[in-house]
Amino acid sequence: MTDTQYILNTFLLLFSGALVFWMAAGFAMLESGLVRTKNTTAILTKNICLYSLSCIIFFLIGYQMMYGPIVNGDHSGLSDFFFQVVFVATTASIISGTIAERMKFWPFMAFVAVLSAIIYPLQGSWTWGGGFLSEMGFTDFAGSTIVHSVGGWAALAGAILLGPRYGRYKEDGTPNLIPPSNLPLATLGTFILWLGWFGFNGGSQLAMATREDVDAISAVFTNTNIAAATGVVTSAILTQIFYKKVDLTMVLNGALAGLVAITAGPDYPSMELAMLIGMVGATLSTLAIPMFDKLKIDDPVGALSVHLVAGIWGTLAVGIFNPNVSLMTQLSGVGLIGAFVFLSSYIVWYVIKLVMGLRVSLKNETQGIDISEFGQSAYTFDNRQQEGVTN
Amino acid sequence: MTDTQYILNTFLLLFSGALVFWMAAGFAMLESGLVRTKNTTAILTKNICLYSLSCIIFFLIGYQMMYGPIVNGDHSGLSDFFFQVVFVATTASIISGTIAERMKFWPFMAFVAVLSAIIYPLQGSWTWGGGFLSEMGFTDFAGSTIVHSVGGWAALAGAILLGPRYGRYKEDGTPNLIPPSNLPLATLGTFILWLGWFGFNGGSQLAMATREDVDAISAVFTNTNIAAATGVVTSAILTQIFYKKVDLTMVLNGALAGLVAITAGPDYPSMELAMLIGMVGATLSTLAIPMFDKLKIDDPVGALSVHLVAGIWGTLAVGIFNPNVSLMTQLSGVGLIGAFVFLSSYIVWYVIKLVMGLRVSLKNETQGIDISEFGQSAYTFDNRQQEGVTN
Amino acid sequence: MTDTQYILNTFLLLFSGALVFWMAAGFAMLESGLVRTKNTTAILTKNICLYSLSCIIFFLIGYQMMYGPIVNGDHSGLSDFFFQVVFVATTASIISGTIAERMKFWPFMAFVAVLSAIIYPLQGSWTWGGGFLSEMGFTDFAGSTIVHSVGGWAALAGAILLGPRYGRYKEDGTPNLIPPSNLPLATLGTFILWLGWFGFNGGSQLAMATREDVDAISAVFTNTNIAAATGVVTSAILTQIFYKKVDLTMVLNGALAGLVAITAGPDYPSMELAMLIGMVGATLSTLAIPMFDKLKIDDPVGALSVHLVAGIWGTLAVGIFNPNVSLMTQLSGVGLIGAFVFLSSYIVWYVIKLVMGLRVSLKNETQGIDISEFGQSAYTFDNRQQEGVTN
């Protein structure tokens, strides 16, 4: 290992980690664009606080459990910590979307603490920490399962215990549409996540000290990009067919589903295959949204459809298309991690519900939790300007 | 070529490509900030879909035509593809602004497909693909002509066939001002584009394996930045003189005009000369806006003034100031590419108009195409909050 | 010095400089989110113009005064210029927040010109230019004092001469709360600044040609991140205790206070110590906000509390915790720089006030300076959509 190799490896992790940090902004913008204005301050506060808390807790407890002490190796130990810590925050960000518009702040933060201290690092240690799943041959390059479906399972457990937003389902069980409040923000959030994903997937090569490394990273970048692009086009076509109108919210989720799906194995496929993986991911995600509604699992931002459903698909796709990986092993990994995370999350949510309560009062929920719980509207527009009075 | 050189060259293209990808977000924010709220979902949908479609089409068809097969050379072949593909998307993004608020979605996407498959790569092959313009000595470092004026010419042809927005010009031909809806978004978009431009121009050095390379990239960064900065200050001063008020929209366009102008040759000039090039670019762009209005060519975001006018100026400036480049050759390149792109685009738009129609109905345009064509408002603010009722 | 070392050092400065450029967007979003809608165009215009002007002036005058001519050394001279110039702009950005909603445009720009030409580079030369403060042993790694408190002192002098916004304080001296207009923008701005800070602090290592360099940069990244994260959590807890509600605006300022505080020495501490430094920074910043209100120094965005107060703390913290640095020397540096910048800024503001006037008329201030001074509302929402009429 020459000095230059050590420098290049370390820089890759710092550069990529900064991009993954940026995904925290992406989730904050995406989610605040998709909820109602009356719950926007809440989701912004949750997003910046969950990022911060998960960094602190993973530093104090989680990292050691997952990887052992921070030491220099082929790259600086601290650069590895920096890259890994932003992954935990990503997992937690997925959850905040699903439980939006009705969960109290501190109980949510309590869950984030447990997730970052125990649930995430424990299951992560099984694969990325060199544990039994990696010995079985389970493969998850950048975390379709270990990050995205984990966030999805934890969110699902929370959503079940929390129940849907007031007024979300009619008496006959059909959903009331609650329109998103700010689509430019949601679109910006999607672009931020897409950009961050180049770090998320590219950095997961963990080295750029050889030609083979940068060739692999180049494949990761192009496959990540084309899977997302295909997800976009797929969702545009599907919503045109199903609803006779291209639906922007679904298109954004199509991009994210493509990204989540390619994440388990962005290094091995051809670009044509990456397109297929993204296309199927976006299709499954589009179909999953009405399915969760049938089950009355209320997910204001579609995080379950994107991160859980496309995450599972992406992990299985590696077993299907990569001849070196067994589909059965992939299935086992998905199942074991899913069962562990769903059950442990359910227990943790349940205990928090008993001790602190999960849900704001109906009065506060109706009024909007920005004013009732956070004391601040997200938007305070001057009325005279709204009325077109400009002088 | 050592391994380290190969790694550094490849990383430059990946890093720069990610920054150019980010420009897609910049165009989406800029354009959605400048159109009216009732057409904001539309422009967001067009922007994310055009990026995605142009990536797919350029992969399937365009790249090969422009550069030949994807192979490793002084850098990974896929990293070169990644860098080049985001340029095509930039070209297409320019068009979406000019045709905003009145064009149907799928006809626009059809044009994007043809642009990415044929028009862009064919003219691009003449210079960057080693074709006859490069043999003539035509020089366009990062694409003032090959990207920006090409986008401008294609947009111009579309705008002519499409006609102005309803109510944009009075019966006597003078323009009605349609104010932009969201200036923070437009400003954010400009900053995003400015940041992305460091990748756009810096990455166009295509290598950072020698001292000469990074010295050149350093010059590119500083010249790009100072040309944009001078564009800003120029527009601020000009609008103060002309309108007695500093006009933010024009200032943003001044930044972009400075960026477009320096793009044809950001590597050779001194910073003083870069300032001059940016200043002239912003001045021409500021003057072009009323000129297009005189011609009743309606361009909601000023894309023609910025990308076409400043793009031509920047390409000619290389002929004027760089002693190794002939002004006549630059003029020839600008003229040949302009004639080809304008004519071929006109024909393609015309065929699309015949087959699919270009324009939404007057009823839908008046109502706003977000609701009538996309079924979703971009902003759904809670009325009670608007009225100041906060509990 | 090998070619590879020269390339890596140069690239670090270009990469980091691009991230610091991005902070200009962060300040623009943060400040436009915190002011009222009627003054949003103004703050956006000021932010993009101040960045641009300070780049031009620092190139023409300031850089030479601070560092001498632009020459190649261990890295490309232009890459060093690029990195340094974005620091000046950061200093100027701090000021625009404090004087928001009431200062005229051109007088503000005149101050920015003097700051970039003389005040910033002169005091900067004392430490980073190898002057007497660096000889005394004064240490400021990335500018808690040299950038952030300098911006704070200059802003303080301006705020005193300018006076508070109309209606900001009641007759009995207690403050009227003026709510922020757009918290998603403010949150986005904070995330942008946080991302940019990795370049701000990481790039200040100025080299990545050795293992020691990248180990140091890794420490800088992790410490910067954890100090900000701790600032967030600290402010969340403090506002919960003080106000019984987590206050998002204060949480955002907590992140920034943590970042400012760690900036004077992000390379030496353990992560635990970085947490402590961030925690104290956020606490002091939270306490400072009511203190400035007692003094009737009106600071619409809390820039003084964040940049001045946490900047001083961070610089002193190096003296307290780093055994190689003397607290007395740190105190001297803070005091000398503070005295010079406050006094010289006060004189410059005073002269500008005499010659051009600083403040818009009461009529214009009441109406909002977007319309009265800039002729353009930042937000123009279609009324029918606001009323829920969507077709």
Does segment C:337-378 hold any residues that are farther than 20 Å from C:LEU156 by Cα, within 14 Å of chain B (Cβ to nearest Cβ) and among the β-branched types (Val, Ile, Thr), and which are they?
-> C:ILE369, C:ILE371
Exception for C:VAL246 within (1) within 18 Å of the chain's Cα centre (by Cα); (2) modelled with pLDDT of 95 or more; (3) of a type in the set (A, V, I, L, M, F, W, C) falls at (1)
Near pairs, Cβ below 8 angstrom, 6+ apart or cross-chain, from segment B:77-92 (surrounded by 24 or more Cβ atoms within 10 Å (Cβ to Cβ)) to any residue that is assigned to a helix (DSSP H, G or I) and among the acidic types (Asp, Glu) = B:LEU78/A:ASP215
Across (1) touching a helix residue (DSSP H, G or I) at 6+ places or on another chain (Cβ under 9 Å); (2) within 14 Å of another protein chain (Cβ to nearest Cβ); (3) part of a helix (DSSP H, G or I), A:ILE241 clears everything bar (1)
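To keep it simple, each residue is scored yes or no on (1) within 14 Å of chain A (Cβ to nearest Cβ); (2) in contact with a Cys (Cβ under 8 Å, 6 or more places away or on another chain); (3) part of a helix (DSSP H, G or I).
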residue: C:GLY254; (1), (2), (3): yes, no, yes
residue: C:PRO269; (1), (2), (3): yes, no, no
residue: C:THR286; (1), (2), (3): no, no, yes
residue: C:PRO290; (1), (2), (3): no, no, yes
residue: C:LYS296; (1), (2), (3): no, no, no
residue: C:VAL306; (1), (2), (3): no, no, yes
Hey, which of the helices (runs of 4 or more DSSP H) in segment A:1-84, taking only ones fully inside, have at least 1 residues that are facing chain C (nearest Cβ under 9 Å), closer than 19 Å to C:PHE221 by Cα and at pLDDT 95 or above?
-> A:3-34, A:40-57
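Being surrounded by fewer than 24 Cβ atoms within 10 Å (Cβ to Cβ) and outside any loop (DSSP other than H, G, I, E, B): is that true of C:ALA117 here?
So C:ALA117 fits the description; yes.
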Is it the case that some residue within segment B:180-203 is within 14 Å of chain C (Cβ to nearest Cβ), part of a loop (DSSP other than H, G, I, E, B) and not hydroxyl-bearing (Ser, Thr, Tyr)?
-> yes
The condition of being under 20 Å from the mean Cα position of the chain (by Cα) and either among the polar types (S, T, N, Q) or more than 7 Å from chain A (Cβ to nearest Cβ) (or both) holds, among C:THR222, C:THR210, C:THR263, only for C:THR263
Segment B:97-106 - residue that is within 13 Å of chain A (Cβ to nearest Cβ) and in a helix (DSSP H, G or I) and, of those, surrounded by the fewest Cβ atoms within 10 Å (Cβ to Cβ) | B:TRP106
From the options C:GLU212, C:GLU171, residue that is farther than 23 Å from C:ALA303 by Cα, modelled with pLDDT under 95, surrounded by fewer than 24 Cβ atoms within 10 Å (Cβ to Cβ) and charged (D, E, K, R) | C:GLU171
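Restricting attention to segment C:319-356, and to residues there that are touching a Pro at 6+ places or on another chain (Cβ under 9 Å) and assigned to a helix (DSSP H, G or I), which single residue is surrounded by the most Cβ atoms within 10 Å (Cβ to Cβ)?
C:TRP349
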Do we find that C:GLY158 is of a type outside the set (Phe, Trp, Tyr), within 14 Å of another protein chain (Cβ to nearest Cβ) and in a helix (DSSP H, G or I) in this structure?
-> no
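The values are calculated or read from the model by the stated rules, or taken from the named source; none is laboratory data. Because the structure is a prediction, the values reported are computed rather than measured. FYI the Cβ positions are ideal-geometry reconstructions off the backbone, even for glycines, and counts take in every protein chain you see.
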